[in-house]
Structures are given as C-alpha cells and as structure tokens.
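Asks: For reference, the structure I am asking about is given below.
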Amino acid sequence: MKLIHLTDLHLMPPGETLWGLDPFDRLDKALTDIATHHPDAGLCIITGDLAEKGDIAAYKMLKQRLKRFPIETHLMLGNHDDRVNYLQVFGGADETGHVQEVLVREGFHLLLLDTLKGPPSSAGLYDIPRRLWLTAELAKAQGAPVYLFMHHPPFDIGHALMDLIKLDDAAEFAALLKGHDIRHIFFGHAHRTISGSWNGIAFSALPSLNHQLPLVSGAVETVYSDEPPMYGVVTLTPAMTVVHSDAFLHRRPAQMQKDAERGNWF
C-alpha cells in the first residue's frame with residue numbers, strides 16, 4: 001500500500017504570507033508534484049496545523065483545492081487549528097466531538113488521532129474520552145497491524161522547544177498501546193525530518209510545507225528557519241514500512257550530461 005504524508009501547512013487567510021513565505025503557493029506546488037509523480041498513491045493524510053490561525057477562510061480555500069486533487073485525502077488537527085471552525089467547513093466529528101477516524105486499507109488499520117488541546121497551550125492532549133475511543137478501536141483491530149497518525153509526538157524528540165509542547169498525557173497514552181501491534185507512528189508538529197523508535201515502535205516526522213524549526217537554537221537568528229519543505233511517500237507491507245521524504249521544491253538536475261550514469265550499475 002502506498003500513501004502520502006503531509007503536515008503543518010499553516011495556511012493563511014487569502015492574500016497573506018507567513019514569515020515571508022506563501023503557504024498556499026507551497027501547498028499548490030506540493031499537490032501538483034504529488035499528482036504528477038505519485039498518482040498510484042491510495043491515500044494522502046495531512047497531520048494537522050492546517051491553518052495558522054484556524055480561520056474559516058483558509059479552511060474553505062483548502063477544501064476547494066482538495067476537490068481538484070485526485071488522491072483521497074484525510075485531514076487532521078494540530079495546535080494551530082480551531083476545531084469548531086474546521087468542523088463548520090469539513091464536518092466529520094466522531095461520537096466524542098473530535099476529528100478522529102479509522103481507515104482500513106488492504107488489511108492495514110490506520111488510526112487518525114485528534115491531539116488538539118486548545119489555546120492558549122500549544123501542547124497536545126489525549127484525554128479520557130479520546131483514550132476510550134482509541135482503546136475501543138485498537139480492540140476492533142483484533143491484533144492486525146496498526147499505524148497511528150497524530151499531530152503531537154507522545155515523547156521527547158530531543159528539541160528543547162518542541163519537547164515543552166509534546167503530548168501532555170504521554171504516559172497514559174503509552175500505556176494503552178501496550179499489547180497491540182503498533183507498527184509505526186506518523187506525526188507532525190516538529191517541523192523537521194525525524195525518525196527513530198519509541199518503546200519498540202517506529203516513528204517518523206516531516207518538515208512543514210512552510211517554515212521549519214532549526215535543530216539547534218541560535219543556528220539562525222530567528223526562531224523559525226527557511227529550510228526545504230518535504231512530503232512523505234510511504235509504502236506499507238506486512239513485513240516493513242518504508243518512508244521517503246521528498247524535498248520537491250529543491251529538486252534540480254545535477255550538472256551532468258543527460259545520458260551519463262545510465263549504464264548497468266550492478
């Protein structure tokens with residue numbers, strides 16, 4: 001199974017830029033690149049921070065763009081989003097009032113979680129109603145491989161700023177995953193390419209489509225940085241998970257003849 005992972009769009013109201021960058025322009029170029037090079041992808045999942053200010057106008061513009069995008073796309077919420085405004089445009093709340101869903105494709109159970117805590121905090125929350133929902137859905141999987149998608153990581157990632165605003169109730173979240181075949185956690189929020197394992201569970205994260213967070217404070221003069229945006233191309237099989245990160249705006253031909261290095265390499 002092949003899917004696309006996008007995160008942290010930070011879309012602005014019509015005509016506005018963010019930190020000198022145009023989030024809608026970045027999104028348009030990403031969607032065009034994905035449709036061109038990955039038309040065989042079965043899904044696209046966007047793990048939150050859809051709109052920088054959580055405003056209805058940005059959500060409506062996003063909805064219009066996705067109508068033209070040929071790949072089935074599922075949206076999630078991050079700390080910059082507004083759940084009420086989002087639901088007014090997209091709908092789709094679960095029985096707890098949160099934006100969560102289960103996708104079962106080719107035997108893989110993909111669980112999309114709502115970790116939005118709400119202002120003034122940028123941290124995440126997965127409280128009792130949401131934990132009960134996840135507990136029930138994990139039970140329904142009946143031991144099948146499960147892949148979690150969420151905005152906030154439920155663990156420290158080794159970034160001084162982001163570790164302050166991870167999932168608040170991380171210990172409780174970790175406890176309910178025990179005993180289940182959780183193969184991978186895909187998250188956003190970090191604005192960086194990250195991979196590793198946590199309690200034996202593999203994880204990966206991506207840069208934002210707009211601005212990034214420098215790995216080391218002071219590496220640039222500002223809190224945020226202008227580094228390459230990326231989208232993820234994910235292949236799931238029963239035996240493995242492969243995640244490629246594509247810096248689509250920084251893809252250029254090398255300085256070489258077009259027919260060079262096209263021989264038999266093996």
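Laboratory data are not the source of any read-out in this text; all were calculated from the coordinates shown. Note that the structure is a prediction, hence the values are computed from the model and not measured. No Cβ is skipped: glycine too gets one built from the backbone with ideal geometry, and neighbour counts run over all protein chains shown.
Asks: Of (1) 147; (2) 157; (3) 119, which one was derived for volume of the Cα convex hull per residue in Å³ from the structure shown?
Replies: Given (1) 147; (2) 157; (3) 119, the calculated one carries the label (2).
Asks: Explain nothing, just the number: relative contact order of region 2-250, from Cα pairs under 8 Å at least 6 residues apart, as a whole percent.
Replies: Numbers: 523 pairs, mean separation 48.1, N = 249.
After rounding, I find 19 percent.
Asks: Choose one answer from Ala144, Ala160, Ala190: the residue with the largest mean-square fluctuation in a GNM of the chain with alpha-carbon springs under 10 Å.
Replies: Ala160
Asks: Hey, another quick one. Fewest Cβ neighbours within 10 Å first, please rank Ile182, Ile46, Ile165 accordingly.
Replies: Working: Ile182 22, Ile46 26, Ile165 17.
Arranged by neighbour count, lowest to highest, Ile182, Ile46, Ile165 become Ile165, Ile182, Ile46.
Asks: Taking amide H atoms as placed 1.01 Å from N in the peptide plane, list the residues 5 or more away in sequence, or in a different chain, whose amide H sits under 5 Å from that of Ala144.
Replies: It is none; the list stays empty.
Asks: Have a look at the DSSP beta bridges in the chain and tell me what percent are antiparallel, nearest 5. Please list the in-between numbers first.
Replies: On the way: 23 of 45 bridges.
Percent antiparallel among DSSP bridges in the chain is about 50.
Asks: Sticking with this one: Can you bin region 1-80 into rounded, prolate or oblate? Criterion: square roots of the alpha carbon gyration tensor eigenvalues sorted a ≥ b ≥ c, rounded for a/c under 1.5, prolate for a/b above b/c, oblate for the rest. Can you show the working numbers first?
Replies: On the way: a/c = 1.97, a/b = 1.63, b/c = 1.21.
It comes out prolate by the Cα gyration axes.
Asks: Ok, one more. What's the center-to-center distance, using Cα atoms, between region 9-47 and region 87-124 in Å?
Replies: Centre-to-centre distance over Cα atoms comes out at 20 Å.
Asks: Which whole number of Å³ per residue matches the convex hull of the alpha-carbon atoms in region 48-134?
Replies: On the way: hull volume 8.3 nm³, N = 87.
Hull volume normalised by residue count: 96 Å³.
Asks: On to the next question. Quick one: Karplus J couplings for region 220-232, per residue in order, coefficients 6.51, -1.76, 1.60, θ = phi - 60°, nearest Hz, x for Gly and Pro?
Replies: Working through the residues one at a time gives 10, 6, 10, 4, 9, 10, 9, 10, x, x, 8, 10, x Hz.
Asks: Which order do Lys140, Lys117, Lys178 fall in if you start with the one that has the fewest other Cβ atoms within 10 Å?
Replies: Numbers: Lys140 11, Lys117 18, Lys178 8.
Least crowded to most crowded, the residues run Lys178, Lys140, Lys117.
Asks: Then there's this: So what J values fall out for region 39-50 if you push phi through Karplus, 6.51 cos²θ - 1.76 cosθ + 1.60 with θ = phi - 60°, rounded to Hz, Gly and Pro as x?
Replies: For region 39-50, the Karplus curve yields x, 8, 5, x, 8, 10, 10, 10, 8, x, 6, 5 Hz.
Asks: Between Thr47, Thr17, Thr115, where does the largest GNM mean-square fluctuation fall for the chain, given springs only between Cα atoms within less than 10 Å?
Replies: It is Thr17.
Asks: Turning to a different aspect of this structure: Roughly speaking, what is the stretch gain from His244 to Asp181, that is 0.36 nm per residue apart minus the C-alpha to C-alpha distance, in nm to one decimal? All intermediate terms of the calculation are to be shown ahead of the outcome.
Replies: Details: separation 63, 0.36 × 63 = 22.68 nm, distance 2.25 nm.
Contour length minus the Cα-Cα distance gives 20.4 nm.
Asks: Then there is this: Check which residues have an amide H placed less than 5 Å from His184's amide H, if you skip close sequence neighbours.
Replies: Leu148
Asks: Can you list the residues, at least 5 places off or on another chain, whose amide H is less than 5 Å from the amide H of Arg192, using H built in the peptide plane?
Replies: When sequence neighbours closer than 5 places are left aside, the close amide H contacts are Leu206, Ser208.
Asks: Computed on alpha carbon atoms, what radius of gyration and Dmax characterise region 120-246, expressed in Å?
Replies: 15.6, 50
Asks: Helix-only estimate, please: 222 nm mean residue ellipticity of the chain, summing -39500 (n - 2.57) across DSSP H runs of length 4 or more and dividing by its residues, to the nearest 500. List each step's numbers first, then the result.
Replies: Numbers: 5 runs with 58 residues, N = 266.
When only DSSP H runs of four or more count, the value is -6500 deg cm²/dmol.
Asks: Given region 1-152, what percent of its DSSP beta bridges are antiparallel, to the nearest 5?
Replies: 35 percent
Asks: Still on this model: In whole Hz, what ³J(HN,Hα) sequence does region 141-157 give by Karplus (6.51, -1.76, 1.60; θ = phi - 60°), x for Gly and Pro?
Replies: So the Karplus estimates, Gly and Pro as x, are 5, 6, x, 5, x, 10, 10, 9, 10, 7, 7, 8, x, x, 7, 5, 10 Hz.
Asks: Can you give the Kirkwood hydrodynamic radius of region 117-168 from its Cα pairs, in Å with one decimal?
Replies: Numbers: mean 1/r = 0.0793 Å⁻¹.
Mean inverse Cα-Cα distance, inverted, gives 12.6 Å.
Asks: Go ahead and set up a Gaussian network model of the chain, Cα springs under 10 Å, then flag whichever of Arg83, Arg130, Arg105 fluctuates most.
Replies: Arg105
Asks: Next question, about the same structure. Need the full-extension length gain, Ala160 to Arg65, defined as separation in residues times 0.36 nm minus the C-alpha distance. One decimal, nm. Before the final figure, lay out each step's value.
Replies: Numbers: separation 95, 0.36 × 95 = 34.20 nm, distance 3.53 nm.
Residue separation times 0.36 nm, minus the Cα-Cα distance, leaves 30.7 nm.
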